[in-house]
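A short worksheet on the structure shown next.
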Amino acid sequence: MTSQAKQVVLSADRAPKDIDMDDRMRSRFVSGLLADIKPPDYETRLAIIKNSYMRVQQATTFCGVIPDTVLNWLAESASTNIREMEGAITRLIGNMNLTRKPDITVDEAQEILQDFFPALRDAKVDIATIQSEVERYFQVTHEDIIGSKRSKGITLPRHIAIYLCRYLTDESLESIGKKFGNRDHTTVMHSVNKIEGEQQDNRLLYDQIVELTERIRARSQLR
C-alpha cells in the first residue's frame, strides 16, 4: 500500500517501541507519525453523549426528552468507553419508549443504568468526602458548611455540597439533611434545585461542579 502512495493507519494500546515485534517492522512504525490518543475528558464525553442522543432520536420514533441534567450526569458517570456511553443512551430511550414516559429524572436514569458503571459502584462516594473536598475547594470550615451562617461565601459552598451529595451518593434527602446540621428534606431539595437550575446559565458554577465531581471521584477511588 505504501508503494502505491496510500496511507496506513495502525492503532495499539502502547507505543511501537514497547510492542514485541521484529526490529525492522518496529523501525518502520517508529519512523511514521505517532499520535497519543488521550481518553475523552468530561466535555468530550458530554459531546459524544449529546451526539448519540440526537442520532438515536433521528433514527427512531422517540418523542420524549432526556433533559440536560441527565445528560450531564451521564457524562460525569460514564467511563472512557464510547460504546458504553452510546449504549446508555440507547437503553434510556428504549426504556422511555416502552414506558411511554415523556421525560426522565436523574434518579430514574440511575436506576435504569445501575449496571452500566461498575467502576463507580465499586468506588463509593460518601457525604464526608464531599464535604471535605468542598470545604477545601472554597476554603471554608466544616462548621460553616453544616451551620446556619447565610453569607454568600458560605451558602454557595453549602448548596453545592448538598447538590453533590444528592447526585454522587445513594443517601436519602433525610440522611443528607442530618449531615448538614439536621436540615429537613425540603431545605435539601431547595439547595439541589437551586444549583441544578443556576448551573445551566452560570458557566463558572458549572465548571466548579465538574471540577469538584472529578476531585471527589478520584479521592473515592483511592480509599
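Which length gain, in nm to one decimal place, applies between ARG91 and PHE62 when the Cα-Cα distance is subtracted from 0.36 nm times their residue separation?
Length gained, ARG91 through PHE62: 9.2 nm.
Trypsin sites (Lys or Arg not before Pro), restricted to region 3-106: which are DSSP loop and have at most 11 other Cβ atoms within 10 Å? Mind showing how you got there, number by number?
Numbers: sites: LYS6, ARG14, LYS17, ARG24, ARG26, ARG28, ARG45, LYS50, ARG55, ARG83, ARG91, ARG100; in loops: LYS6, ARG14, ARG100.
Hits after loop and neighbour filter: LYS6, ARG14, ARG100.
Among the lysines, select those whose C-alpha is under 21 Å from the C-alpha of LYS152, and discard any that sit fewer than 8 residues away in the same chain.
LYS179, LYS194
How big is the Kirkwood radius of region 24-97, worked out from every pair of different alpha carbons and given in Å to one decimal?
After inverting the pairwise mean of 1/r, the radius is 14.1 Å.
For region 1-65, taking Cα atoms only, what is the radius of gyration to one decimal and the Dmax to the nearest whole Å?
Cα-based Rg and Dmax for region 1-65 come out at 19.4, 57 Å.
Once the piece of chain linking ASP23 and ALA47 is laid out straight, how much longer is it, given 0.36 nm per residue of separation minus the C-alpha distance between them? It would help to have the intermediate numbers written out before the result.
On the way: separation 24, 0.36 × 24 = 8.64 nm, distance 4.03 nm.
Between ASP23 and ALA47, full extension yields an extra 4.6 nm.
Between GLU214 and LYS124, with labels modelled 7 Å along Cα→Cβ, what's the label distance in nm to one decimal, could you check?
In this crude label model, GLU214 to LYS124 measures out at 2.7 nm.
Given the convex hull over the Cα atoms of the chain, what projected area results after averaging over all orientations, in nm²?
17.3 nm²
Take the Cβ-Cβ distance between GLU108 and HIS190 as r, set R0 to 22 Å, and report the resulting FRET efficiency rounded to the nearest 0.05.
Details: r = 21 Å, r/R0 = 0.96.
For GLU108 and HIS190, the calculated efficiency is 0.55.
Report the residue, chosen from GLN58, GLN110, GLN131, that carries the largest GNM mean-square fluctuation when the chain is represented by alpha-carbon nodes joined by springs under 10 Å.
Per the Cα network of the chain with a 10 Å cutoff, GLN58 tops the list.
By average Cβ neighbour count within 10 Å, what is the ranking of 160-171, 185-196, 143-154 from highest down? Walk me through the intermediate numbers first.
Details: 160-171: 22.2, 185-196: 17.2, 143-154: 13.0.
Most protected by this proxy first, the peptides run 160-171, 185-196, 143-154.
Using Cα-Cα distances under 8 Å and only pairs 6 or more residues apart, what relative contact order does the chain have, in percent?
Rounded, it is 16 percent for the chain.
Return the distance in nm (one decimal) between the two label points of a simple spin-label model at ARG100 and THR141, each offset 7 Å from Cα along Cα→Cβ.
5.8 nm
Once the mean 1/r over all distinct Cα pairs of region 127-222 is inverted, what Kirkwood radius in angstroms do you read off?
13.2 Å
We did not get these values from a lab; they are worked out from the coordinates using the rules stated. Predicted model only: the values in this text are computed from it and were never measured. Positions of Cβ are generated from backbone atoms using ideal geometry, with glycine treated the same way; all protein chains shown enter the neighbour counts.
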